[in-house]
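Input: a single structure, listed below in structure tokens.
The values are calculated or read from the model by the stated rules, or taken from the named source; none is laboratory data. As the structure is a prediction and not an experimental result, all values here were calculated from the model. Neighbour counts run over all protein chains shown; Cβ positions are idealised from the backbone, glycine included.
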Amino acid sequence: MSQPTILSPAELARYARHIAIPEFGVEGQEKLKRGSVLVIGSGGLGSPLLLYLAAAGVGRIGIVDFDLVDESNLQRQVLFSVDDVGRPKALVAKERLQKLNPHIEIEVYLERFSTENARALVRRYDVVADGTDNFPTRYLVNDACVLEDRVNVYASIFRFEGQVSVFNYRYADGTRGPNYRDMFPEPPPPGLVPNCAEGGVLGVLPGIIGSMQASEVIKVLTGVGEPLAGRLFLFDAATFSTRILKVPKNPDTRITGLINYDQFCGLSPKEETPVRSITVQELARLRESGADFQLIDVREPYEYGIANLGGELIPLGSIEEAADRIARDRMVVLYCRSGQRSADAIRRLQQRFGFDNLYNLEGGILAWAREIDASVPTY
């Protein structure tokens with residue numbers, strides 16, 4: 001006699017199209033209901049990923065995200081609307097997902113995924129789905145999954161291109177497949193690969209790649225199909241071409257504990273090249289006093305067209321070639337959207353040309369809009 005299902009009549013009706021698949025059936029749906037997934041990031045990748053995991057009936061979903069909804073997110077982060085701007089992404093996501101499927105449990109962590117909480121969060125879930133957009137967090141996610149014996153369903157996007165893979169997958173014989181460090185033992189040099197805010201991303205691309213990521217999570221939880229373990233899927237939306245690369249396991253890969261990932265990825269400020277800074281209040285006072293100083297905007301031209309503080313536009317990519325346009329006999333203030341790119345520009349100029357009169361605007365345009373002039377768009 002067959003065992004009674006754990007699915008309610010309402011759930012059986014809701015998931016009827018899953019259950020109708022011979023290889024999936026009630027058993028596959030029950031595995032989803034019993035399963036749990038930790039999604040790190042609810043932005044571009046996280047939005048479609050969360051929507052499809054919730055719709056599919058994954059029983060417990062955790063969302064780690066400390067960020068707020070910004071108007072510039074709405075081009076691709078389909079979980080959110082204009083009414084959500086300024087609200088915590090994870091809370092908005094929970095509200096939306098609970099309306100989509102009231103039969104599942106949503107847990108929210110309004111905090112940064114860090115070395116302090118990573119292992120404790122990861123061990124609470126069966127599978128981890130990495131929707132982040134920076135290398136320190138990707139390595140942290142990978143290492144925490146390896147140490148806690150969890151599968152890491154990975155995806156990334158940039159401009160027209162996307163990647164998907166399944167790391168640390170447990171095969172039928174009990175062995176584990178390759179992890180992120182087997183594919184990328186070392187991170188790229190700082191600044192070589194910009195994030196989506198700096199390099200851009202086609203709005204529809206996260207929907208395509210995030211949906212593929214959700215598909216891999218479902219396969220891992222149910223055992224249906226063949227996950228992308230030991231393989232890296234590459235997609236180019238510009239040419240609509242795909243490739244699958246093999247990812248071999250590296251016997252030399254050793255992960256014994258969590259480390260300082262900013263330092264590992266070369267993002268920690270170097271002691272020999274400190275960056276001096278000024279606040280937006282100090283910049284406002286400089287302007288009011290009529291002080292003689294140079295103001296430089298290191299963003300891209302399209303960003304400058306959206307909002308600017310009147311600085312001379314010298315994008316970060318050409319800052320070194322334009323060093324002769326930068327004054328040495330007076331104070332020079334550099335700014336960008338958040339203060340990161342302008343700090344990078346200052347380090348480059350100090351290291352290569354010996355400038356000693358450069359100041360970074362703390363918080364960039366975001367801080368200016370928040371603390372000085374709310375009419376300045378933050379995009």
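Things to note:
- When the range 86-112 is limited to residues that are outside any helix (DSSP H, G or I) and touching a Leu at 6+ places or on another chain (Cβ under 8 Å), the one that is farthest from residue 15 (Cα to Cα) turns out to be 86.
- Candidate set from the range 34-53 (those that are touching a residue at least 40 places away in the same chain (Cβ under 8 Å) and surrounded by fewer than 21 Cβ atoms within 10 Å (Cβ to Cβ)); member that is farthest from the chain's Cα centre (by Cα): 36
- Among (1) closer than 21 Å to residue 39 by Cα; (2) of a type outside the set (Asp, Glu); (3) under 22 Å from the mean Cα position of the chain (by Cα); (4) not in a strand (DSSP E or B), the one test that residue 221 misses: (3)
- The range 155-169 - residue that is part of a strand (DSSP E or B) and out of contact with any Gly (no Cβ under 8 Å at 6 or more places or on another chain) and, of those, surrounded by the most Cβ atoms within 10 Å (Cβ to Cβ): 165
- Check on residue 74, part of a helix (DSSP H, G or I), free of Cβ contacts under 8 Å to residues at least 40 places away in the same chain and within 17 Å of the chain's Cα centre (by Cα): yes
- Condition check for residue 67: of a type in the set (Asp, Glu), farther than 14 Å from residue 221 by Cα, in contact with a Pro (Cβ under 9 Å, 6 or more places away or on another chain) and without any contact (Cβ under 8 Å) to a residue 60 or more places away in the chain: yes
- Being part of a helix (DSSP H, G or I), closer than 30 Å to residue 118 by Cα and in contact (Cβ under 8 Å) with a residue 40 or more places away in the chain is a description that applies to residue 31.
- Subset of the range 132-154 that is in a loop (DSSP other than H, G, I, E, B) and at pLDDT 95 or above - its residue that is surrounded by the most Cβ atoms within 10 Å (Cβ to Cβ): 150
- Evaluation of residue 159 against the conditions (1) farther than 18 Å from residue 265 by Cβ; (2) modelled with pLDDT of 95 or more shows that the sole unmet condition is (2).
- The C-beta contact set for the range 342-364 (first residue under 12 Å from residue 319 (Cβ atoms), second residue of a type in the set (Val, Ile, Thr) and part of a helix (DSSP H, G or I), distance under 8 angstrom, 6+ apart or interchain) comprises 355/346; 358/346.
- Residues (of a type outside the set (A, V, I, L, M) and not in a strand (DSSP E or B)) located in the range 34-59: 34, 35, 41, 42, 43, 44, 46, 47, 48, 52, 57, 59
- Subset of the range 75-117 [of a type in the set (D, E, K, R), within 27 Å of residue 262 (Cβ to Cβ) and loosely packed, with under 15 Cβ neighbours inside 10 Å]: 111, 112, 116
- Test: residue 38 is over 30 Å from residue 262 (Cα atoms) and not small (Gly, Ala, Ser): no
- Number of residues in the range 118-131 that are buried (at least 20 other Cβ atoms within 10 Å of the Cβ) and either of a type in the set (Phe, Trp, Tyr) or not in a strand (DSSP E or B) (or both) equals 5.
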